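First the structure, in the form of structure tokens, and then the observations on it.
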Amino acid sequence: MNFNLDFMVATFWVSLTGLGVTLKLTFIPLLLATPIAFAFAIIRLKKNQGFYQIITFYISLLRGTPIVLQILLFYSLLPSVLNALFESLQIELDIFSLNPIIYAYIIFTLNSVATLSEVFRSALLAVQNGQLEAAKTIGLTSFQAYVRIVIPQALVSALPNISNTTVNLLKGTSLAFLMTVKEITALAKLEAAYGYNYIEAYITIFVIYVLLATVIQLLFGFLEKRFGRYKYPRNREKENLYA
Amino acid sequence: MLEIKNIHKRFGNTEVLKGVDLNVEKGDVVVILGPSGSGKTTLLRSINFLERADQGSMVFGDKKYSFQKASKKEILEVRKKTAFVFQNYNLFQNKTALENVTEGLVIGRNIPKKKAYEKAVEILTKVGLSDRYDFYPSQLSGGQQQRVGIARAIAVEPEVILFDEPTSALDPELIGEVLQVMKQLAKEGTTMIVVTHEITFAQEVASKVIFMDEGRIIECGTADQVIKHPKEERTKQFLRRITNDMEYAI
Ligand SMILES: Nc1ncnc2c1ncn2[C@@H]1O[C@H](COP(=O)(O)OP(=O)(O)OP(=O)(O)O)[C@@H](O)[C@H]1O
Ligand SMILES: [Mg+2]
């Protein structure tokens, strides 16, 4: 077996043109999902009946099924459902000409909501109740207490899990090729198809994903140290910050 | 100034407060003694609405509050007139010593940041922490944390400060520094309700001592009356026990 190195370098650059799409597919759903997931987490914690059941069901549904299956199902189902809906509302919109990236955003957002709401829920639970109580005793409203004291601490303790979620989603975006979205994996496959250089193409994007995942983890590691400063003993603070 | 009437509180089937009355005048230092589980913490927490009592009312200043029915607005009002010092400090972990003190001023009372900062510096100096402003709670000793806790409480200039066993989580050698600060406050005329097992502290500064058992006030009077010359058998037993413990500890 001989490797075509020139091809690998060429594929590297071609695939990299999909970097923007891959990053958008990762971060746009995360940003969209965050506020919803937070609301879900709080509703679950407050045990607001009704809602609680629906949200718990939703979470178990999305976390209990493979994302590939969700993509295949939604991508075959959603366009026809939307089309029928728009037709019945007599809205002139050709669903089938819609950029498939929209479906990818929707699916990845729905998925991230489920994952993140669990992340936020356990992070909020990890903040001792005494923190909320102390805030109330100095005259803060519940809302102020959450915004100033509880949520900042919860976010810091959630950072490692948010980092994992982000890396998982980054990897998951490679499945967007199933929806004909031209992200890194799709571009590499296209490139490989001309001369059947699949192995080289896959190794190339393998490297790209490893690099991306590493950067993300480093970034979150930095955030954790920056915003989690208060957890470290003072004399070791500097070391920790730059470790 | 603060008059509590007939407060009842149950958790599930157990009634923890069975009709407690308590009168606090401005400048009073009320020390509450009592065995574990007698309802001391629950009483303090109910006054501050951290716990919702089932029955009873209090007159605070010139306003009357129902424990059971107080609205959110009334609860906030009471909380702005009081402060709480916790057994395990409960300092805001994500805030420095200084920020712990300014939080109630800037956010709770809309005092300008600069003014709040100056006040916090002054108060932290007063409790002996002038060199620890920018330390986070995890970087402070227990005694230092509790002194920040007290600083946070006095900063908001409450009419009453509630202390729930402020020294019982501390190593013996750190208790003194916290009691010192509390004695200073008492001398300055701060109104306080203090749950503690520190008998000497009670004898030195209490204007009123209360002995609680099983959700009721059993005995009430001056330190001399309740600690030196208790009338009730249960009080005597309790005092014998904790003074014995103290001797063991020494
Ligand atoms: N949130 C709660 N749920 C159920 N029971 C509770 C709760 N809080 C307190 N209790 C019960 O109420 C009783 C009184 O508790 P409380 O904490 O007021 O006692 P205490 O006098 O402060 O005791 P200690 O000296 O040990 O602090 C105890 O029997 C306790 O188990
Ligand atoms: Mg207690």
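The values are calculated or read from the model by the stated rules, or taken from the named source; none is laboratory data. Bear in mind that the values here come from a model prediction, so they are computed numbers and not experimental data. Positions of Cβ are generated from backbone atoms using ideal geometry, with glycine treated the same way; all protein chains shown enter the neighbour counts.
Taking each residue of the stretch A:121-135 that is more than 7 Å from every other protein chain (Cβ to nearest Cβ) and looking for partners that are polar (S, T, N, Q) and exposed (fewer than 13 other Cβ atoms within 10 Å of the Cβ) with beta-carbon atoms closer than 6 Å, six or more apart or interchain, yields nothing.
So that you can scan it fast, the table gives a plain yes or no per residue for (1) part of a strand (DSSP E or B); (2) of a type in the set (A, V, I, L, M); (3) within 13 Å of chain A (Cβ to nearest Cβ); (4) within 16 Å of ligand 1 (Cβ to nearest atom):
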{"site": "B:Gly143", "(1), (2), (3), (4)": "no, no, no, no"}
{"site": "B:Ile150", "(1), (2), (3), (4)": "no, yes, yes, no"}
{"site": "B:Ile154", "(1), (2), (3), (4)": "no, yes, yes, no"}
{"site": "B:Ser168", "(1), (2), (3), (4)": "no, no, no, yes"}
{"site": "B:Glu173", "(1), (2), (3), (4)": "no, no, no, no"}
{"site": "B:Leu179", "(1), (2), (3), (4)": "no, yes, no, no"}
{"site": "B:Gln184", "(1), (2), (3), (4)": "no, no, no, no"}
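Just one of (1) in contact (Cβ under 8 Å) with a residue 24 or more places away in the chain; (2) closer than 24 Å to B:Arg234 by Cβ fails for B:Thr14. It is (1). Only residues that are on the phi > 0 side of the Ramachandran plot and within 16 Å of ligand 1 (Cβ to nearest atom): list them for the stretch B:1-59, please. Within the stretch B:1-59, B:Gly12, B:Gly19, B:Gly34, B:Gly37, B:Gly39, B:Phe49, B:Gly56 meet the criteria.
Taken over the stretch A:145-165, the criterion of being away from chain B (no Cβ under 13 Å) and free of Cβ contacts under 8 Å to residues at least 12 places away in the same chain is satisfied by A:Asn164 alone. Of everything listed in (1) in a loop (DSSP other than H, G, I, E, B); (2) surrounded by 21 or more Cβ atoms within 10 Å (Cβ to Cβ); (3) not β-branched (Val, Ile, Thr), the single unmet condition for A:Gln153 is (1).
Filter the stretch B:1-37 down to the residues that are over 19 Å from B:Ser207 (Cα atoms), within 14 Å of ligand 2 (Cβ to nearest atom) and in contact with a helix residue (DSSP H, G or I) (Cβ under 9 Å, 6 or more places away or on another chain) and list them by number. Scanning the stretch B:1-37 gives B:Lys9, B:Phe11, B:Val16, B:Leu17, B:Pro35.
Scoring B:Ala151 on the criteria (1) farther than 28 Å from B:Ser38 by Cβ; (2) small (Gly, Ala, Ser); (3) surrounded by fewer than 20 Cβ atoms within 10 Å (Cβ to Cβ) leaves a single failure, condition (3).
Residue pairs whose Cβ atoms lie under 6 Å apart, sitting 6 or more positions apart in sequence or on different chains, and linking a residue in the stretch B:26-44 that is closer than 18 Å to B:Lys5 by Cα to a partner that is near ligand 1 (Cβ under 9 Å from one of its atoms) and among the basic types (Lys, Arg), are B:Ile32/B:Lys40; B:Thr42/B:Lys9. Among the residues making up the stretch B:191-224, those that are of a type in the set (Val, Ile, Thr) and either within 14 Å of chain A (Cβ to nearest Cβ) or within 16 Å of ligand 2 (Cβ to nearest atom) (or both) are B:Ile193, B:Val194, B:Val195, B:Thr196, B:Ile210, B:Ile217.
Selection of helices (runs of 4 or more DSSP H) fully inside the stretch B:19-125 by the criterion of at least 2 residues being in contact with a strand residue (DSSP E or B) (Cβ under 7 Å, 6 or more places away or on another chain), farther than 15 Å from A:Ala135 by Cα and more than 10 Å from chain A (Cβ to nearest Cβ) returns B:40-47. Of B:Leu98, B:Leu2, all but one fail to be more than 30 Å from A:Pro152 (Cβ to Cβ), buried (at least 17 other Cβ atoms within 10 Å of the Cβ) and in contact (Cβ under 8 Å) with a residue 24 or more places away in the chain; the exception is B:Leu2.
Within the set B:Phe92, B:Phe86, the sole residue that is at pLDDT 95 or above and either within 16 Å of ligand 2 (Cβ to nearest atom) or over 30 Å from B:Arg132 (Cβ atoms) (or both) turns out to be B:Phe86. Identify, from the list A:Ser15, A:Ser76, the residue that is part of a helix (DSSP H, G or I) and in contact (Cβ under 8 Å) with a residue 24 or more places away in the chain. It is A:Ser15. For the stretch B:128-138, the criterion of being within 14 Å of another protein chain (Cβ to nearest Cβ), within 16 Å of ligand 1 (Cβ to nearest atom) and acidic (Asp, Glu) is met by no residue.
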